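The values are calculated or read from the model by the stated rules, or taken from the named source; none is laboratory data. Here the structure is a predicted model, which means the values were calculated and not measured. We place every Cβ from the backbone using ideal geometry, glycine too, and count neighbours over all the protein chains shown. SASA here: full protein model, heavy atoms, side chains in, ligands and nucleic acids out. Shrake-Rupley method; radii C 1.70, N 1.55, O 1.52, S 1.80 Å.
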Amino acid sequence: MADLRSAFLNVYSQLKSELLQDPSFELTDESRQWVERMLDYNVPGGKLNRGLSVIDSYRLLKDGKELTQDEIFLTSALGWCIEWLQAYFLVLDDIMDSSHTRRGQPCWFRLPKVGMIAVNDGVILRNHITRILKNHFRGKPYYVDLLDLFNEVEFQTASGQMIDLITTLEGEKDLSKYSLQQHRRIVQYKTAYYSFYLPVACALVMCGENLDNHIDVKNILVDMGIYFQVQDDYLDCFGNPETIGKIGTDIENFKCSWLVVKALEFCNEEHNKVLYENYGETRPANVAKVKALYNELNLKGVFEDYESKSYERLVTSIEAHPSKPVQAVLKSFLGKIYKRQK
């Protein structure tokens with residue numbers, strides 16, 4: 001895995017070098033330095049799970065056979081396209097959420113001299129994906145399928161972000177809008193498609209598969225993505241900021257988080273009053289009251305129960321799939337996220 005990671009990072013350096021010499025735009029020394037700094041700050045700094053999963057999934061779909069250098073490069077390039085997509089989403093998401101830290105460092109837009117230039121940087125990150133696909137996949141029979149896949153998933157993710165944002169409109173704080181169904185809808189579109197379905201879909205397309213024949217795989221991965229986001233919502237409140245690399249802001253930002261939805265399920269009138277008065281307020285005292293209520297309602301225990309039941313349900317769905325290589329891909333994904341702490 002360490003060798004795979006270092007090979008993957010080498011491909012990042014090559015892709016970055018190509019983009020910094022893209023013949024369609026004549027970069028000056030100053031603009032080249034800006035783009036290089038922006039890429040290094042935002043693209044390779046995460047866990048790289050999404051990107052590495054493309055290589056891993058492709059290898060498992062090939063029955064674990066050793067990949068050729070060309071296959072390693074192409075699966076890595078697709079993996080990096082997903083990491084570029086993730087960077088694009090996060091750069092803009094942090095501005096929309098007024099976040100302070102990301103991956104243990106200040107958000108890109110918080111850096112001196114960056115500010116709202118970060119909006120255009122996000123647009124550049126998105127455009128880099130189509131440049132990478134054109135440079136390395138234009139001659140492949142599945143090139144159009146890849147373009148379609150990335151366009152579709154980006155549209156779904158942006159639409160999920162829209163639902164999230166309009167549900168939490170400033171000045172219209174209404175907890176009665178929040179339900180498990182609404183939470184699932186936001187998460188399915190905002191997170192599950194690009195984080196879980198996209199890496200496996202890339203691997204399937206590279207194997208020459210028609211994605212219309214793999215709706216069951218998509219459904220399992222979407223369920224896994226929802227489970228992953230529930231973990232994220234839990235860690236936002238109860239995780240250690242040093243471990244997860246960011247300071248949680250879901251309470252302050254009035255997010256339709258799984259925790260608040262579950263709290264509303266268990267609340268009596270008095271609890272409801274505490275939530276309505278404090279959820280979405282930025283003062284530490286208000287946030288502390290919400291967290292105290294979560295503890296009183298034993299949401300840690302509720303989450304642990306949810307986690308074990310979700311795991312059992314996912315394992316059952318995976319083991320019902322007729323293809324052993326596909327089962328291996330899905331089990332690999334589940335193994336990476338079960339009981340994670342960050």
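Remarks
- Dipole magnitude for the stretch 241-296: computed about the Cα centre from +1 point charges on Lys and Arg Cβ and -1 point charges on Asp and Glu Cβ, it is near 140 debye.
- Cα-based shape type of the stretch 125-217, given that a ≥ b ≥ c are square roots of the gyration tensor eigenvalues and the cut on a/c is 1.5: oblate
- Under 15 Å, Cβ to Cβ, from Thr28 - net charge with Lys/Arg +1 and Asp/Glu -1: -3
- Net charge of the neighbourhood of Arg340, taken over other residues with C-beta under 12 Å away and scored Lys/Arg +1, Asp/Glu -1, is +2.
- Using the Cβ-Cβ distance between Asp70 and Lys336 with R0 set to 30 Å, the FRET efficiency from 1/(1 + (r/R0)^6) comes to roughly 0.70.
- Cβ-based net charge around Arg138, under 14 Å, with every Lys or Arg adding one and every Asp or Glu removing one: +1
- Coupling constants for the stretch 101-118 follow from the phi torsions by the Karplus curve (6.51 cos²θ - 1.76 cosθ + 1.60, θ = phi - 60°), and in residue order they are 10, 8, 6, x, 9, x, 4, 3, 5, 7, 6, x, 6, 8, x, 7, 4, 4 Hz; glycine and proline get x.
- C-alpha long axis of helix 143-167 to longest principal axis of the chain, angle in °: 20 degrees
- Remark: accessible surface ordering of Phe150, Phe228, Phe266 (largest first) is Phe266, Phe228, Phe150, probe radius 1.4 Å.
- Comparing Val274, Val302, Cys202 along the charge dipole axis of the stretch 158-341, the residue lying farthest to the positive side is Cys202, per the Cβ-charge model.
- Applying a DSSP loop filter and a limit of 13 other Cβ atoms within 10 Å to the trypsin sites (Lys or Arg not before Pro) in the stretch 264-308 leaves nothing.
- Of the residues Ser310, Ser17, the one with the largest accessible area comes first in the ranking Ser17, Ser310, computed with a 1.4 Å probe on protein heavy atoms.
- In a fully extended conformation the segment linking Lys273 and Arg37 would gain 80.2 nm over its present Cα-Cα distance, using 0.36 nm per residue.
- Ligands, DNA and RNA aside, Ile95 has an accessible area near 40 Å² when probed at 1.4 Å.
- Shape category assigned to the stretch 1-90 from the gyration tensor of Cα positions, a/c cut at 1.5: prolate
- Each residue, Ser323 and Leu27, gets one label point 7 Å from its Cα in the Cβ direction; the gap between the two is 3.7 nm.
- Coil-residue GluC sites (Glu not before Pro) of the stretch 265-327, DSSP, other Cβ within 10 Å capped at 16: Glu281
- Spin-label model, Phe155 to Ser179: label points 7 Å out along the Cα-to-beta-carbon direction sit 2.7 nm apart.
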